[in-house]
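The values are calculated or read from the model by the stated rules, or taken from the named source; none is laboratory data. Remember, it's a predicted structure, so these values are computed and weren't measured experimentally. All Cβ positions, glycine included, derive from the backbone under ideal geometry; neighbour counts span all protein chains shown.
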Amino acid sequence: MTKAHPDAAQCAVRLRRAVLVLARRLRPSMQGDGISAAKLSVIGQLYRTGSMSPTELAAREGVKLPSLTRLVAELEGDGWVAREPHASDGRRSLLRLTALGRKRLVAAAQAADAPLADAIATAVSADERRILLQACSLLEKIDETLAGHAENASHAPLR
């Protein structure tokens, strides 16, 4: 392993540490309205992906359905999420972010983004911001790959 060409394991260690530290620092700014990290994750998933069944949402979140059911009930009670009948299967339901939930999430994200944008403007040069945007694209690519691995593992036959 050379300094000029770090291996994947070295990148993984530094990336995990950096992401965890930054996420820990950013998390409190997104947890307004008494919303926990778990609820925020569910809300974000519905925002990005759109309506889906509780089973699909639990799989995407990597949680068991009973755990998700409690979170969704609380989110429904607080007006973040609504349940609607499945179009082709009356026994199933779909979860969706409400208009109020979407508005609250966007406002929380904007409030959380402001200090981050200030920090980037202060600490990072214009050239470094271009590199940071490229790094964001790479992080998204890594996330898609990890999601694919998780989905493939969930469909693998039991031995």
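Worth a mention:
- Residue that is nearest to residue 41 (Cα to Cα), among those in region 114-148 that are of a type in the set (Asp, Glu) and modelled with pLDDT under 90: 143
- In region 93-107, the qualifying residues are those that are surrounded by 12 or more Cβ atoms within 10 Å (Cβ to Cβ) and out of contact with any strand residue (DSSP E or B) (no Cβ under 8 Å at 6 or more places or on another chain), and the one that is nearest to residue 56 (Cα to Cα) is 102.
- Test: residue in region 92-103 that is touching a Phe, Trp or Tyr at 6+ places or on another chain (Cβ under 6 Å) and more than 23 Å from residue 142 (Cβ to Cβ): yes
- Verdict on residue 51 being under 19 Å from the mean Cα position of the chain (by Cα), modelled with pLDDT of 90 or more and not β-branched (Val, Ile, Thr): yes
- Scanning region 39-95 for residues that are more than 27 Å from residue 28 (Cα to Cα) and either of a type in the set (D, E, K, R) or outside any strand (DSSP E or B) (or both) yields 53, 55, 56, 83, 84, 86, 87, 88, 89, 90, 91, 92.
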